[in-house]
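Okay, so here's the structure we're looking at.
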Amino acid sequence: MKKYLVVFFLPLIILTFLTVLAHAHGVVGKRFIPTTITLDDPFPSDELDLLKVERGSKNKEGRETSVGFEFSKRLTPDFAIGVGWEYLFVDPREAGKSDTSGAGNPEFSLKYALLRSAEREGILSIGLGVEPGGVGPRRVAERATTLTPNLFFGKGLGDLPDSLSYLKPLAITGSFGAVIPTPKRTVITKIEDGEVEREAERDSTKIAYGFALMYSIPYLQSFVRDVGLDAPFSRLFPVAEFNFETNVSRPKPGHTTGFFNPGILWAGRYVQLGLEAQVPMNSPSGKNVGMKALVHVFIDDIWPNIFTWTPWGVIGATQR
């Protein structure tokens, strides 16, 4: 527990010096779409998940808690690269096994915005994630390298007719991708009672998909009707995320896990904070409710001449 508290509260103390109300990121037209916690957002950006915490639901394999970060950097206004890492705490359900922890494999990403429509408040992007296998210790990290091509989208409902004005602050984002292990079959060597044993494990290819619905209080007050909310409530985004994974190859083809993640996001000029519950939607997903939290920093607003530098020149803060 002490390890969780130290990792969680130290960045929050630092962030008290950075928090200022104003504009933020992920803007298309007059729509700001904040970074969601469960699903990756569709915007290439210069941003930092300074702290990302997930306390997963307990399933038949036990419970996993992760604490990590992710950094993303644009090389052009529409293309960004990223790197992420997390430290894992594993509480196995199997009798005789003790709790363990360790660094997971790093994750690298590419993201490119194919299409933006300011009038329709929409964006469409493609991406690729790579997790090199075997970097982290065997007790917590996967052995197989994973490739994850993705399609991302975001759409605000500001183009609805005026008769539905109170629905205009709604926005939807989502992603659809494949999780492809390479190789699909991994051999694990164990030594038990002085004898060497080898076990073959097969990793399934999966389809990962989901969407998020959010309601923008800033959009409501700026473009629909000012309902008189002051800070900090004027910067809130109630959100509900749904994410699923379905196996499309052995073992267990057709096996699906899914989660409903209701929560709240708050966005300032330099910082975004978020908190969500993780509710399993079927028995393979787990039994109880988990938790997710996010501390997200807009680094191109803090030091635009530094963090928006590229070999081709300074591209400036994310367009609004």
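Going by neighbour counts of Cβ atoms within 10 Å, the residues LYS111, LYS73 line up, fewest first, as LYS73, LYS111. Over region 123-185, Cα pairs under 8 Å with separation of 6+ residues give a relative contact order of 34 percent.
The residues packed around ILE299, meaning those with a beta-carbon under 10 Å from its beta-carbon, carry a net charge of -3 if Lys and Arg are +1 and Asp and Glu are -1. Taking other residues whose beta carbon is less than 10 angstrom from the beta carbon of THR146, and scoring Lys, Arg as +1 and Asp, Glu as -1, yields -3. Roughly how many Å is it from the Cα centre of region 90-140 to that of region 234-280, as a whole number? Cα centroid to Cα centroid, the span is 14 Å.
Spin-label model, ILE302/LEU114: points 7 Å from Cα along the beta carbon direction are separated by 3.4 nm. Where does the charge balance sit around GLU119 when Lys and Arg score +1, Asp and Glu -1, over other residues with C-beta under 15 Å from its C-beta? Taking every Cβ under 15 Å from that of GLU119, the sum is +4.
No value in this document is a laboratory result; all are computed from the given coordinates. All figures in this text were calculated on a predicted structure; none of them were measured in a lab. Reconstructed Cβ throughout: ideal geometry from the backbone, glycine too, with neighbour counts over all protein chains shown.
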